[in-house]
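Read-outs: derived from the displayed coordinates by stated rules, not from any lab. Bear in mind that the values here come from a model prediction, so they are computed numbers and not experimental data. Positions of Cβ are generated from backbone atoms using ideal geometry, with glycine treated the same way; all protein chains shown enter the neighbour counts.
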Amino acid sequence: MPKHSKRFKAVAEKIDRNQYYEPAEAIRLIKETATAKFDETVELHMRMGVDPRYADQQIRGVVTLPHGTGREVRIVVFAGPDGQSLAKEAGADFVGAEDLAEKVQGGWTDFDTVLATPDMMRIVGRLGRVLGPRGLMPSPKTGTIVPAEDLPGVINEARLGRVEFRVDKTSNIHVPIGKASFDEKSLMGNLGALMEAIMAAKPSSLKGNYIHRVTLTSTMGPGVRTDLGAVSALRSDSV
């Protein structure tokens, strides 16, 4: 069993492990217990009822959080000459084609988001072993394969708070919804937008419960079990 610090034990006492809190109360507790010496990330953790071994039970998508993520996003764009110009003007951090692919193949991974124009997938496809395990491989499902003319808009969304959610091989979803320094209304707005997108991504073939358990937590804080019915009903306009 991991040993918790005195700080963690003290804040954990404020949370009843047997209670399922309403979303607003859960967020209030998260902010109250995020007492580390840095601005902790607030995260949504979900235990799903799907079996990710089956292709028709995958859950994956993107959503732009209305109040942002509170973190700096380093954006890589693979594009031809025209797309590179647009991407640079839109503020992408790293832009290129073959040269950029060689850098990534060499082990460079100092970035958070990868976008590619369709014609560049012949190059980006070779980077699967590097990008795949980090969940950064461009895909139509996540809107990261982008026509050159659409790059500025997608880059802007990524800066504002575009996040990806996907079920992992253990049937869990983990997504940031902001920082502990955000006010409660902003965190609730982000949570509502994310839950709306996750509910819309429910596989039509699924039999049984879609979601089994929802927990909100901060980077260094205790988890707060959240009422399943209440959080599932949240939408982007809930706040």
Query raised in the report: Given +1 on the Cβ of Lys and Arg, -1 on the Cβ of Asp and Glu, and no further charges, what dipole in debye does the chain carry about its Cα centre, rounded to the nearest 20?
Result: 1080
Query raised in the report: Fewest to most neighbouring Cβ within 10 Å: what's the order for Tyr54, Tyr21, Tyr210?
Result: Tyr54, Tyr210, Tyr21
Query raised in the report: Going by how many other beta carbons lie within 10 Å of each one, how would you line up Lys169, Lys103, fewest first?
Result: Lys169, Lys103
Query raised in the report: Asp110 versus His45, label points 7 Å from Cα toward the beta carbon: distance in nm?
Result: 3.1
Report summary line: With the 8 Å Cα cutoff and a minimum separation of six or more residues, the chain has a relative contact order in percent of 38
Report summary line: Of all C-alpha pairs within the stretch 1-76, those more than 19 angstrom apart amount in percent to 59
Report summary line: Here the stretch 139-239 gives, from Cα atoms, an Rg and Dmax in Å of 15.2, 44
Query - Ile123, Ile27 arranged by Cβ crowding within 10 Å, fewest neighbours leading - result: Ile123, Ile27
Query raised in the report: Computed on alpha carbon atoms, what radius of gyration and Dmax characterise the chain, expressed in Å?
Result: 19.2, 57
Requested in this report: Step through the residues of the stretch 57-63 one at a time and calculate ³J(HN,Hα) from phi using the Karplus curve (6.51 cos²θ - 1.76 cosθ + 1.60, θ = phi - 60°), rounding each to whole Hz and writing x for Gly and Pro.
Outcome: 10, 6, 10, 7, x, 10, 8
Report task. Work out the FRET efficiency for Lys185 and Glu149 from their Cβ-Cβ distance, taking R0 = 45 Å, and round it to the nearest 0.05. Result -> 0.80
**Report entry** Vicinal HN-Hα couplings computed from phi for the stretch 207-214 (Karplus, 6.51 cos²θ - 1.76 cosθ + 1.60; Hz; Gly/Pro x)
**Finding:** 10, x, 6, 7, 10, 9, 7, 10
Report summary line: Computed ³J(HN,Hα) along the stretch 7-18: with the Karplus parameters 6.51/-1.76/1.60, θ = phi - 60°, integer Hz and x for glycine or proline, the list is 4, 4, 4, 5, 6, 5, 5, 7, 10, 8, 5, 9
Report summary line: Once the dipole of the stretch 1-151 is set up from charges on Cβ (+1 Lys and Arg, -1 Asp and Glu), the residue from the list Pro118, Ile27, Gly83 lying farthest towards its positive end is Ile27
Query raised in the report: Among Leu151, Leu160, Leu86, whose mean-square fluctuation peaks in a Gaussian network model of the chain (Cα, cutoff 10 Å)?
Result: Leu86
Query - Length gained when the stretch Ala12-Arg71 is fully extended (0.36 nm per residue, less Cα-Cα span) - result: 18.7 nm
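Kindly give Rg over Rh for the stretch 75-160, based on alpha-carbon atoms, with the Kirkwood expression for the hydrodynamic radius.
Rg/Rh: 0.91.
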